[in-house]
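Encoded as structure tokens, the structure appears first; notes follow it.
The values are calculated or read from the model by the stated rules, or taken from the named source; none is laboratory data. Values in this document were obtained by computation on a predicted structure and should not be read as measured data. For neighbour counting, all protein chains shown are included, and Cβ atoms are generated from backbone atoms with ideal geometry for every residue, glycine included.
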Amino acid sequence: MEANIVVDFSGVGKQFKKGHKFLLKEAFLDFFRGEKLENFWAVKDATFKIKKGEIVGIIGANGSGKSTILKLMAGVLTPTRGEVKVIGRIGPLIELGAGFHPELTGRENIYLNGTILGLSKKKIDKKFSDIVKFAELSEFIDTPVKHYSSGMYMRLGFSIAIHIDPDILLIDEILAVGDTNFQRKCLDKMREFHEKGATIILITHSLDLVKSFCQRAILLWSGKIIYAGLPDKAIKKYAQI
């Protein structure tokens with residue numbers, strides 16, 4: 001991979017089955033009815049590169065493939081075709097509550113998430129108090145997270161992701177569930193994080209955020225990248241669709 005490139009998508013496509021049946025009984029009945037599951041491409045021939053230290057916003061309508069792109073970056077999904085290369089430790093915030101076990105406490109989930117993201121227990125011990133303090137959850141840290149609100153989930157998830165010292169931070173719209181003060185706190189932390197040379201890739205419906213915070217934007221439509229470049233131009237093209 002080229003120097004300073006930390007994310008490289010080359011001809012990437014991701015296919016899913018439309019109307020996928022989760023129940024064996026339903027799939028069995030459909031077989032005898034002669035019904036077939038159709039395939040659809042959530043991402044089509046995506047080719048782009050992201051440099052170390054960039055802040056990139058991914059925009060587009062619901063269903064345009066934004067979340068799929070981020071999950072491919074995180075390694076949660078594998079491409080149906082093409083190649084995805086990512087260099088560095090990833091701090092993923094790609095789905096509210098992802099990586100959390102509802103029956104475990106906030107404390108236990110910090111250790112669970114930290115381990116999943118590659119930290120040793122010793123390192124988690126060292127960062128634990130900072131994670132709890134930033135999340136503002138000291139009063140509820142020994143409460144099972146199934147009792148947390150969506151905002152509490154977001155605060156804990158963001159705090160864990162930012163404190164594992166990731167090279168690349170992936171954020172999928174989840175900051176929208178937090179209160180205004182905490183959103184501002186998260187943005188300040190991301191700026192601080194970026195100043196240390198990290199890469200930030202975020203999905204958001206807030207075009208103002210893309211314009212004020214991002215250095216580059218990728219516009220998706222029906223699974224295809226129709227523009228990648230300056231945020232202002234991406235926003236104008238989006239408005240014209």
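Summary table
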{"quantity": "Evaluation of Gly82 against (1) at pLDDT 95 or above; (2) closer than 24 Å to Tyr238 by Cβ (one fails), failing number", "calculated": "(2)"}
{"quantity": "Selection status of Asn109, assigned to a helix (DSSP H, G or I), at pLDDT 95 or above and under 21 Å from Lys185 (Cβ atoms)", "calculated": "yes"}
{"quantity": "Matching residues in the stretch 191-206 - criterion: being surrounded by 17 or more Cβ atoms within 10 Å (Cβ to Cβ) and touching a residue at least 60 places away in the same chain (Cβ under 8 Å)", "calculated": "His194, Ala198, Thr199, Ile200, Ile201, Leu202, Ile203, Thr204"}
{"quantity": "Qualifying residue in the stretch 158-175 (condition: more than 25 Å from Ile87 (Cβ to Cβ), under 15 Å from the mean Cα position of the chain (by Cα), aliphatic (A, V, I, L, M) and not assigned by the TED database to the domain that holds Gly75)", "calculated": "no"}
{"quantity": "Search result, residues across the stretch 55-73 that are within 13 Å of Ala217 (Cα to Cα) and either surrounded by fewer than 19 Cβ atoms within 10 Å (Cβ to Cβ) or touching a Gly at 6+ places or on another chain (Cβ under 6 Å) (or both)", "calculated": "Lys66"}
{"quantity": "So Ile69, is it in the same structural domain as His205 (by the TED database) and either within 16 Å of the chain's Cα centre (by Cα) or part of a helix (DSSP H, G or I) (or both)", "calculated": "yes"}
